[in-house]
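Read the structure below first, then the notes.
The values are calculated or read from the model by the stated rules, or taken from the named source; none is laboratory data. Everything quoted here is computed from the prediction, not taken from an experiment. Please note: Cβ atoms are built from the backbone with ideal geometry, for glycine as well, and neighbour counts cover all protein chains shown.
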Amino acid sequence: MRVVPEKISMKWIDTLSNEDLLDVEARVHAKFNVLERREKKERGEKYQLMMRGGNAELMEAWDRWSRILAATRERSLVPIREPVES
């Protein structure tokens, strides 16, 4: 299991094997997913991910995940998703 740095860069992503990249993507996505579900529960129908003045922690998690997801797509890898609990 690779340690994910606070700031995710392409230089760091390039050091990952495909297997490590998929592992990191799954872990970073899981954290984003938890934060997003919490925010959706709190805001209900008013939830918007890209809302001005929104949850900074959620936006940081989305940014981290989106960088990793872009790298998986660039390598033509397909992330495996575990079923999400409601």
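The C-beta contact set for the stretch 35-52 (first residue charged (D, E, K, R), second residue surrounded by 10 or more Cβ atoms within 10 Å (Cβ to Cβ), distance under 7 angstrom, 6+ apart or interchain) comprises 36/58; 39/47; 39/55; 39/58; 40/47. None of 78, 34 is on the phi < 0 side of the Ramachandran plot and surrounded by fewer than 10 Cβ atoms within 10 Å (Cβ to Cβ) except 78.
When restricted to residues that are of a type outside the set (A, V, I, L, M), farther than 13 Å from residue 67 by Cβ and either in a helix (DSSP H, G or I) or touching a residue at least 12 places away in the same chain (Cβ under 8 Å) (or both), the stretch 11-31 contains 6.
No other residue among 76, 86 is at pLDDT 95 or above and outside any helix (DSSP H, G or I) apart from 76. Report, by residue number, each residue of the stretch 46-64 that is outside any loop (DSSP other than H, G, I, E, B) and farther than 27 Å from residue 22 by Cβ. Matches in the stretch 46-64: 46, 56.
In the condition set (1) within 22 Å of residue 15 (Cα to Cα); (2) surrounded by 15 or more Cβ atoms within 10 Å (Cβ to Cβ), residue 58 is compliant with all but (1).
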